[in-house]
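*Asks:* Once you've had a glance at the structure underneath, I'll fire off some questions.
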Amino acid sequence: MPYERDNIHSLSPYEPGEQPQTDKVVKLNTNENPYPPTRQVMEAIAGVGADALRRYPPPMATPFRYAAAQMHDLEPDQVIATNGGDELLRLAVAVFCDPAGEDGRGGIGQTLPTYSLYDVLARIHDTPIVRVPLEEDWSIPQDFAKRLNNAGCRLAWVVNPHAPSGRFESSDRLRQIAADFNGVLLVDEAYVDFARHDASDLVRGEDAMDNVLLLRTLSKGYSLAGLRFGYGLGSRDLIAALDKARDSYNTDILAQAAAVAALASRKDAAATWTKVVDERRRVGDELARLGWWVWPSDCNFILAKPRENGPGAMETYESLKRDGIFVRYFDQDRLEDKLRITLGTPEQNDALLRALTARG
Ligand SMILES: Cc1ncc(COP(=O)(O)O)c(C=O)c1O
């Protein structure tokens, strides 16, 4: 008999995109920023001395909370620092959702499709999940909040801009969902650095919503996926509740030093966002010229469907991989005929476009 709980025994774990440990491939599959972190970040890491490593780090990541609060025009107790955005997601389930009960209430509401880790986290916690299919244009259905309320959901998570479609929902639309929803709305802004604007007005000032939590990560915009640093923004009460469930030292001293330096050098990081956005336009246009269907994107990736009478998405994914070009294929309803392509440097994108042109 297995020792683990039934829900863990039957769990299919999250499948991260392939991480080939060589720089000989063109890696356009896991939405990393193709440019290096800023000089200030590298200096901050190098500047962490032996004594700082010997001691425990600041448990609340206080210097980071002050830096993030200043950047977002919030108070430090409206910020929580986490070991990647993924830790904030895990904390949110643990803090806001009930484990499965007889009545099937107290769970999570999400869109379909969405970030595939969400499902796994909900299953680990054994909380009920309600999945609401997105509309044809990937927009969130008007009755999203109502359906979640009817099912007794206590947490809803929506990615904005959306992964994997790249679609952007306005803050007004998100505000309306938060107003209609009886639980906590977590807006996952993992890709917001590449978007037209963020939704921080939902947690700031007189019109702040007390049930909205924003997720941010340094993985994409700040080229720090290897560092594992994310953070949440929200009302004091939501942040205090999350803090209760956090490991005392959930972010390490190297990560804290780098994260403070990352925000301080935001302008330099933002120069990489501009380059990625320029490439998003160019690669989208080039794919369209090859007959692909490309959805508008506010992210550092695009979702695209190969032309009708050529090789399909899975075949293209596999043949690109044989050529050392990695993109992402999801064997999932509504996605199985599409590829998600991370924007790389112009040279990397050219390699992809050349390979696709050669395939006709
Ligand atoms: C939609 C979404 N949310 C959150 C994350 C978490 O990022 P991280 O844990 O690297 O901060 C990711 C990473 O791929 C993501 O795609």
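*Asks:* With the requirement that a residue be touching a residue at least 12 places away in the same chain (Cβ under 8 Å) and of a type in the set (D, E, K, R), what does the range 322-346 give you?
*Replies:* Asp323, Arg328, Asp331, Asp333, Arg334, Glu336, Asp337, Lys338, Arg340
*Asks:* Any idea which residue in the range 344-360 is modelled with the lowest pLDDT, counting only those that are more than 16 Å from Gln19 (Cα to Cα) and part of a loop (DSSP other than H, G, I, E, B)?
*Replies:* This residue is Gly360.
*Asks:* When you scan the range 325-334, do you find a residue that is within 26 Å of Thr22 (Cβ to Cβ), of a type in the set (Asp, Glu) and in contact with a Pro (Cβ under 9 Å, 6 or more places away or on another chain), even just one?
*Replies:* no
*Asks:* Against the definition (surrounded by 14 or more Cβ atoms within 10 Å (Cβ to Cβ), away from the ligand (no atom under 16 Å from the Cβ), touching a residue at least 40 places away in the same chain (Cβ under 8 Å) and over 30 Å from Asp298 (Cβ atoms)), how does Val26 come out, yes or no?
*Replies:* no
*Asks:* Give just the number: which of (1) assigned by TED's automatic domain parsing to the domain that holds Gly205; (2) within 17 Å of the chain's Cα centre (by Cα); (3) at negative phi does Gly84 not satisfy?
*Replies:* (3)
*Asks:* Let me ask something additional. For the range 257-279, indicate whether the set of residues that are touching a strand residue (DSSP E or B) at 6+ places or on another chain (Cβ under 7 Å) and among the β-branched types (Val, Ile, Thr) is non-empty.
*Replies:* No, the range 257-279 has no match at all.
*Asks:* I'd like to know if the range 159-167 contains one or more residues that are crowded, with 22+ Cβ neighbours inside 10 Å, within 16 Å of the ligand (Cβ to nearest atom), outside any loop (DSSP other than H, G, I, E, B) and within 21 Å of the chain's Cα centre (by Cα).
*Replies:* yes
*Asks:* With respect to Leu214, determine if the residue is surrounded by 18 or more Cβ atoms within 10 Å (Cβ to Cβ) and in contact with an Asp or Glu (Cβ under 8 Å, 6 or more places away or on another chain).
*Replies:* Taking the combined requirement at face value, the residue satisfies it.
*Asks:* Condition test on Val95, is it within 13 Å of the ligand (Cβ to nearest atom) and β-branched (Val, Ile, Thr)?
*Replies:* Judged against the criteria, Val95 is not a match.
*Asks:* Answer yes or no: is there a residue in the range 244-258 that is in contact (Cβ under 8 Å) with a residue 60 or more places away in the chain and over 30 Å from Ala46 (Cα atoms).
*Replies:* Yes: one or more hits.
*Asks:* Also: Can you find a residue that is within 20 Å of the chain's Cα centre (by Cα) and free of Cβ contacts under 8 Å to residues at least 60 places away in the same chain anywhere in the range 47-56?
*Replies:* No; the residues of the range 47-56 include none that is within 20 Å of the chain's Cα centre (by Cα) and free of Cβ contacts under 8 Å to residues at least 60 places away in the same chain.
*Asks:* Only residues in the range 110-134 that are in the same structural domain as Cys97 (by TED's automatic domain parsing) and on the phi > 0 side of the Ramachandran plot count as the first member; pair them with residues that are away from the ligand (no atom under 16 Å from the Cβ) and among the polar types (S, T, N, Q), Cβ under 8 angstrom, at least 6 apart or cross-chain, and list the lot.
*Replies:* Cβ pairs passing all conditions: Asp126/Asn7.
*Asks:* Testing Arg236 on (1) more than 21 Å from the chain's Cα centre (by Cα); (2) within 16 Å of the ligand (Cβ to nearest atom), one condition comes back false. Which one is that?
*Replies:* All conditions are met except number (2).
*Asks:* Here is a follow-up. Going through the range 61-92 one residue at a time, which ones are away from the ligand (no atom under 13 Å from the Cβ) and either more than 22 Å from Arg266 (Cα to Cα) or of a type outside the set (A, V, I, L, M, F, W, C) (or both)?
*Replies:* Once the filter is applied, which keeps residues that are away from the ligand (no atom under 13 Å from the Cβ) and either more than 22 Å from Arg266 (Cα to Cα) or of a type outside the set (A, V, I, L, M, F, W, C) (or both), the range 61-92 yields Thr62, Pro63, Arg65, Tyr66, Gln70, His72, Asp73, Glu75, Pro76, Asp77, Gln78.
*Asks:* Has the range 35-56 got any residue that is more than 30 Å from Glu347 (Cα to Cα) and within 16 Å of the ligand (Cβ to nearest atom)?
*Replies:* No, the range 35-56 contains no residue that is more than 30 Å from Glu347 (Cα to Cα) and within 16 Å of the ligand (Cβ to nearest atom).
*Asks:* Just checking, which of Ala190, Ala195 is more than 10 Å from the ligand (Cβ to nearest atom), touching a residue at least 12 places away in the same chain (Cβ under 8 Å), crowded, with 19+ Cβ neighbours inside 10 Å and under 19 Å from Ile140 (Cα atoms)?
*Replies:* Answer to the check: Ala195.
*Asks:* Now for a separate question. Criterion first (in a helix (DSSP H, G or I) and either modelled with pLDDT of 95 or more or at positive phi (or both)) does Asp201 satisfy it?
*Replies:* yes
The values are calculated or read from the model by the stated rules, or taken from the named source; none is laboratory data. Here the structure is a predicted model, which means the values were calculated and not measured. Cβ coordinates were reconstructed from backbone atoms using ideal geometry, including for glycine residues, and neighbour counts include every protein chain displayed.
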